[in-house]
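Below is one structure, written out as structure tokens; comments come after it.
Bear in mind that the values in this text are calculations on the coordinates, not laboratory data. These figures come from a predicted structure and were not determined experimentally. Virtual Cβ from ideal backbone geometry, glycine too; neighbours counted across all protein chains shown.
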Amino acid sequence: MAYNITLIPGDGIGPEVTEATKRVLEATGVTFHWDLAYAGNVARDMFGTPLPDSVLESIKKNKVALKGPVTTPIGSGFRSVNVAMRKQLDLYVCLRPYKIYPGVPTLFKDVNIVVVRENTEDLYSGIEFEQGAPDTARLIELILETKGKVIGGDTSFSLKMISQTASRRIVKFAFDYAQANDRKKVTAVHKANIMKFSDGLFLAIATEVAKEYPNIEFDSIIVDTLCMQLVRRPQQFDVLVLPNLYGDLISELCAGMVGGLGVAPGANLGDDIAIFEPTHGSAPKYTGQNKVNPIAMMLSGVMMLRHLGETKNADRLEKAIADVIAEGKNVTYDLKPNVPNARVVGTSQVADAVIEKLEQSNHT
Ligand code: NAD
């Protein structure tokens, strides 16, 4: 069986990590029909827009995409290609598993946390009021009228929106994921002690949804306490479910704990569409240098194989990657082992080493 996958190399370091990932995925023996689609700076240069309709059409048709990072354009009509893509395809889940592979340089151990981040609302709703603008003056008046609070005319606002609907579907996803992946606990993250209505609603819905899953433990934690507990005793956490902003920040913290952006994979999911992509961005300063780590994107490819039901091949590829990391002889600069004379290799050499491990596993 062959899978039709939309392949978006992106820009900056995107094409290099995408090529490395495509090679290792093909080396598993699974057959893919890659439907190449251009987004980001490459698409802007070719078609005059960083997100041509053809990209969205291809994803809607194939339902599964593998995507490299794209640079957020500055000073164009686009806030962000990624945000636009997530909104237009209603990809309401950002799923990011963080685990420590032996050999990765890190201060932490035994971390195995899945971050489930809400992708569509919160402070990322895009509803903002600029200081001095007429609509901002009306908002300031409304606040005075309804809340009795005096606010200076030199103030800007970004609206934090949390709805029952979005909270319910993300928490349900977190529990369904926990159930399907033999996870024991879901923790809802919030700041409901201060934001009683927005975060309070998220927490209330999470508590309500948890009752539908009596076999999975549920608890909640205030986001600042979570930060402290994550660095003190990360082993106590299993699946975390968070509104958009906390999800963004905690993802980055967890990525740092497990070895950095070079090993942090991810997926953006809707009800029937899935885009697999690393957490990291396009790191423009490293473009074309065959330098950065392709493992975050390769592990996103492992997630894609699992999504396609290719469990055995996903396990084989993950093990091949883990073996390359553990051996420490063919890793990029960010995973340089802390031993004398350790050498590092480039992006494509990591792919060569993973393919070699896959080939060895064919003969054992
Ligand atoms: P970045 O993740 O691109 O890079 C930050 C730093 O992290 C790099 O300088 C590098 O030191 C390190 N790094 C990143 N990826 C690495 C890898 N694979 N291997 C080794 N080291 C790696 O973040 P940035 O510089 O803030 O963003 C650059 C651009 O990417 C911006 O335009 C941003 O908006 C965009 N971005 C895109 C996505 C996406 O497409 N999903 C995600 C995040 C950022």
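Comparing the chain with the 2.2 N^0.38 Å rule of thumb, its C-alpha radius of gyration ratio is 1.04 (two decimals). For a paramagnetic label modelled at 7 Å from the Cα of Ile151 toward its Cβ, which residues of the stretch 192-226 fall within the zone defined by backbone nitrogen distances under 18 Å? So the set is 194-199. Taking every alpha-carbon pair under 8 Å whose residues sit at least 6 apart, the stretch 213-364 reaches a relative contact order of 17 percent. Using the Cβ-Cβ distance between Asn181 and Glu26 with R0 = 22 Å, the FRET efficiency computed as 1/(1 + (r/R0)^6) comes to roughly 0.25. For Gly68, the residues 5 or more places off, or on other chains, whose built amide H falls under 5 Å of its own are Ile8, Gly10. A cut-off of 5 Å between modelled amide H atoms, ignoring neighbours fewer than 5 places along the same chain, links Ala188 with Asp219, Ser220, Ile221, Val241.
Computed about its Cα centre, the charge dipole of the stretch 42-177 is approximately 660 debye, with only Lys, Arg, Asp and Glu carrying charge at their Cβ. Modelled spin-label separation between Ile143 and Ile222, with each label point placed 7 Å from Cα along the Cα-to-Cβ direction: 2.3 nm.
A crude spin-label estimate for the pair Asn362 and Phe108, with each label 7 Å from Cα along the Cβ direction, gives 3.7 nm.
The spacing between the stretch 137-196 and the stretch 283-311, judged by their C-alpha centroids, is 32 Å. Ranked by the mean number of other Cβ atoms within 10 Å of their residues, highest first, the peptides 101-114, 289-302 come out as 289-302, 101-114.
As a proxy for reagent exposure, ranking Asp315, Asp135 by other Cβ atoms within 10 Å from fewest up yields Asp135, Asp315.
Between the stretch 317-364 and the stretch 13-52, the alpha-carbon centres lie 23 Å apart. Between Asn193 and Leu253, full extension at 0.36 nm per residue minus the direct alpha carbon distance yields a gain of 19.4 nm.
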